[in-house]
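The values are calculated or read from the model by the stated rules, or taken from the named source; none is laboratory data. In this text the structure is predicted, and so the values were computed from the model without any measurement. Cβ placement follows ideal geometry from the backbone for every residue including glycine, while neighbour counts extend to all protein chains displayed.
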Amino acid sequence: MNLERSKKGGPSESEFRAYVVQLIINGDADGALELLSRHFKIIPPELSVGLPKGHRKGVSGLYTGGDHTIHVFNSDVLQQPFTILHEFY
């Protein structure tokens with residue numbers, strides 16, 4: 001899917017969303033976050049495996065605004081669209 005087309009000839013919103021989810025499931029969470037960041041015109045967050053101290057109980061991911069980083073519990077979480085997208089938004 002070519003998502004670099006102009007807005008008039010570009011993908012629909014549902015195609016864009018499906019492509020982002022597909023990227024995450026296929027293990028390219030960094031690419032998905034880069035694409036979303038360009039779409040929303042924001043700085044892309046970093047990804048980090050491992051949670052900060054004090055946030056390890058019952059949490060699969062969290063966003064820290066100070067360093068613009070999405071932290072995930074383990075590398076398996078990097079392929080879970082719900083967690084990655086939840087922490088992005």
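Quick one: which residue in Gly50, Gly61, Gly31, Gly54 is of a type outside the set (A, V, I, L, M, F, W, C), at pLDDT below 95 and under 18 Å from Tyr89 (Cα atoms)?
Matching residue, one of Gly50, Gly61, Gly31, Gly54: Gly61.
Residue-wise test of (1) free of Cβ contacts under 8 Å to residues at least 40 places away in the same chain; (2) within 20 Å of Leu62 (Cβ to Cβ); (3) polar (S, T, N, Q).
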| site | (1), (2), (3) |
| --- | --- |
| Gly10 | yes, no, no |
| Glu13 | yes, no, no |
| Ile24 | no, yes, no |
| Gly27 | no, no, no |
| Ala32 | no, yes, no |
| Leu35 | yes, no, no |
| Ile43 | yes, yes, no |
| Ser48 | yes, yes, yes |
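In the list Ser48, Ser37, which residue meets the criterion of being surrounded by 12 or more Cβ atoms within 10 Å (Cβ to Cβ), in a strand (DSSP E or B) and out of contact with any Leu (no Cβ under 8 Å at 6 or more places or on another chain)?
None of the other options fit; the residue is Ser48.
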